[in-house]
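The next block holds one structure in the form of structure tokens; read it before the comments.
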Amino acid sequence: MDDDRTPGAANPLRRKADRTRVLLHAAFAVACLLAVVCGIAVGRAVWIDAGHAAETLARHRHVVTATAVDGTSYRTGPRPGDRPVVVAPVTWQYPADRRHADTVPVPAQTRKGDTVAVWVDDRGDAATAPPVTADLALRAFGFGAAALTGGVLLAGALARLGIRLVDARSARAWESEWEEVEPLWTGRLHPGPGADDG
């Protein structure tokens, strides 16, 4: 059977709800693409910011040689479930005229009299090591992935809500149209008992 419709003419079988669904799917795809771009931008911003903070911190961190004054012991981490950390009491001097003593993490095989490397701040107090590149990358990736996931979930929720509204409106329109043609067309099945009677 030949199709005598003119090219570009609207399909009479395609309802407004169908076109709206297509637009909602397209909008969801665009929103996902924007979420990817947003995730990359957030990750890059966190990488740059954390990198600058790490550089600043590294300028105020120094490695000194400390001497263990006793054997090792174990210290639990700050959060439940953290693995115990091997620590030992040590002493060091930094600056040259200041002597310090503290219990710090050390290698497991450390014995009394051994020397270990300790990170200290400008005053010579024990401090944490500046973050390494892997830590910065993991932080940037985490924030970027969170932004991407949040964007996709939000877009998906909005698209799903829009489709549900369109489907509800379409169902009401179908019911209204059926009410108009039903007196002349009796082939419609009605749900409920006795639907097939007659």
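No lab work stands behind these numbers, since they all come straight from the coordinates. What you are looking at is a predicted structure, and each value in this text was computed from that prediction instead of being measured. Here the Cβ is made from the backbone with ideal geometry for all residues, glycine too, and neighbour counts use every protein chain on show.
Observations on the model:
- THR76/GLU175 FRET efficiency (R0 45 Å; Cβ-Cβ; nearest 0.05): 0.10
- Based on the Stokes-Einstein relation at 25 °C and a viscosity of 0.890 mPa s, and on the Kirkwood radius from alpha carbon pairs, segment 45-112 is assigned a translational diffusion coefficient of 171 µm²/s.
- For segment 30-182, the relative contact order is 30 percent, taking Cα pairs closer than 8 Å that sit 6 or more residues apart in sequence and dividing their mean separation by the residue count.
- Bins of 10 Å, starting at 0 and running to the largest distance - Cα pair percent for segment 117-160: 23, 24, 21, 16, 10, 5
- Residue-wise HN-Hα coupling along segment 109-119, computed from phi with Karplus coefficients 6.51, -1.76, 1.60 (Hz; x: Gly, Pro): 8, 5, 10, 4, x, 6, 9, 9, 8, 10, 7
- ASP70 long-range amide H proximity, modeled H, under 5 Å: GLY113
- Here's how it looks for VAL106: its modeled amide H is under 5 Å from those of VAL86, VAL87, ALA88, which are all 5 or more places away or on a different chain.
- Directionally averaged shadow of segment 1-158, computed from the convex hull of its alpha-carbon atoms, nm²: 17.0
- Peptides 99-105, 146-152 ranked from most to least packed give 146-152, 99-105, packing being the mean of other C-beta atoms within 10 angstrom over each peptide's residues.
- From phi via Karplus (6.51, -1.76, 1.60), per-residue ³J(HN,Hα) for segment 146-162 in Hz, x at Gly/Pro: 5, 5, 4, 4, x, x, 5, 5, 5, 4, x, 5, 5, 5, 4, 4, x
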